[in-house]
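Worksheet for the structure shown next.
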Amino acid sequence: MDYAIIYYSEAVQEAILSLPDTLAARYIVLTRRMVALGPNLGDPHTKAFGEGLFELRLKGAEGIARVFFCTLVGKRIVMLHSFVKKSARTPVRERELAETRMKEIKHAHP
């Protein structure tokens, strides 16, 4: 059985799909791979942040973007938050937003 990708909200889905073209294309390629093989694609595509939070790492001609996600029982991958990177380090507020959303999702879907 394949994995399913779901989104925290429609706004998250729209934000991801409205990324610049090469980043959106990379997102589609990598999420197809995640559906078939599971969420852990390994370096350089995914990175674990601990406590169930992961990031999908997108790189394209327009720059670099990150999509935070978590997993739920039943082979579900939940896309929590995306942003285009402007610095080498991931901004704390971006990660905190993803962590808050992950806690909400895990509380609603134990």
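The values are calculated or read from the model by the stated rules, or taken from the named source; none is laboratory data. These numbers come from a predicted model, not from an experiment. Note that each Cβ is placed from the backbone with ideal geometry, even for glycine, and that neighbours are counted across all protein chains shown. Please note that ligands, DNA and RNA were not included when accessible areas were found on the heavy atoms of the full protein model with its side chains. Shrake-Rupley method; radii C 1.70, N 1.55, O 1.52, S 1.80 Å.
Among the residues of region 8-18, is there at least one that is open to solvent by less than 50 Å² (accessible area, probe 1.4 Å) and either among the basic types (K, R) or not in a helix (DSSP H, G or I) (or both)? Let's see the steps before the verdict.
In the first step, residues of region 8-18 are kept if they are open to solvent by less than 50 Å² (accessible area, probe 1.4 Å); the result is 9, 12, 15-16.
Filter again for either among the basic types (K, R) or not in a helix (DSSP H, G or I) (or both), leaving 9.
Checking region 8-18: at least one residue is open to solvent by less than 50 Å² (accessible area, probe 1.4 Å) and either among the basic types (K, R) or not in a helix (DSSP H, G or I) (or both).
Yes/no matrix, rows are residues, columns are (1) within 23 Å of R93 (Cα to Cα); (2) in contact with a His (Cβ under 8 Å, 6 or more places away or on another chain); (3) free of Cβ contacts under 8 Å to residues at least 12 places away in the same chain; (4) not charged (D, E, K, R):
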| position | (1), (2), (3), (4) |
| --- | --- |
| Y3 | no, no, no, yes |
| Y8 | yes, yes, no, yes |
| A24 | yes, no, yes, yes |
| G60 | no, no, no, yes |
| L72 | no, yes, no, yes |
| K75 | no, no, no, no |
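Return a yes/no flag: does region 93-105 have any residue that is without any contact (Cβ under 8 Å) to a residue 12 or more places away in the chain, aliphatic (A, V, I, L, M) and not in a strand (DSSP E or B).
The answer is no; no qualifying residue exists.
Specify which of the listed residues (M34, M79) is under 23 Å from E14 (Cβ atoms), under 12 Å from the mean Cα position of the chain (by Cα) and touching a residue at least 60 places away in the same chain (Cβ under 8 Å). Walk me through it before giving the result.
Values: M34 fails: touching a residue at least 60 places away in the same chain (Cβ under 8 Å).
Every option except M79 fails the conditions.
Filter region 77-110 down to the residues that are polar (S, T, N, Q) and either at pLDDT 95 or above or open to solvent by 50 Å² or more (accessible area, probe 1.4 Å) (or both) and list them by number. Spell out how you get there, then give the answer.
First, pick out the residues of region 77-110 that are polar (S, T, N, Q): 82, 87, 90, 100.
Passing the criteria: S82, S87, T100.
Has region 67-76 got any residue that is open to solvent by 20 Å² or more (accessible area, probe 1.4 Å), of a type in the set (K, R), closer than 23 Å to A4 by Cβ and modelled with pLDDT under 95?
Within region 67-76 (the criterion being open to solvent by 20 Å² or more (accessible area, probe 1.4 Å), of a type in the set (K, R), closer than 23 Å to A4 by Cβ and modelled with pLDDT under 95), the answer is yes, since at least one residue qualifies.
Taking the residues in region 20-52 that are open to solvent by 20 Å² or more (accessible area, probe 1.4 Å) and in contact with a Phe, Trp or Tyr (Cβ under 7 Å, 6 or more places away or on another chain) as candidates, determine which candidate is nearest to K86 (Cα to Cα).
K47
Restricting region 46-77 to residues that are part of a strand (DSSP E or B), hydrophobic (A, V, I, L, M, F, W, C) and in contact with a Ser or Thr (Cβ under 7 Å, 6 or more places away or on another chain), which is farthest from V35 (Cα to Cα)? Spell out how you get there, then give the answer.
Going through region 46-77, the residues part of a strand (DSSP E or B) turn out to be 46-50, 53-60, 63-72, 76-77.
Imposing the further condition that a residue be hydrophobic (A, V, I, L, M, F, W, C) reduces the set to 48-49, 53-54, 56, 58, 64-65, 67-70, 72, 77.
Checking which are in contact with a Ser or Thr (Cβ under 7 Å, 6 or more places away or on another chain) leaves us with 54, 56, 65, 67, 77.
On the way: F54: 15, L56: 13, A65: 20, V67: 15, I77: 9 Å.
Restricting to residues being part of a strand (DSSP E or B), hydrophobic (A, V, I, L, M, F, W, C) and in contact with a Ser or Thr (Cβ under 7 Å, 6 or more places away or on another chain), the top hit is A65.
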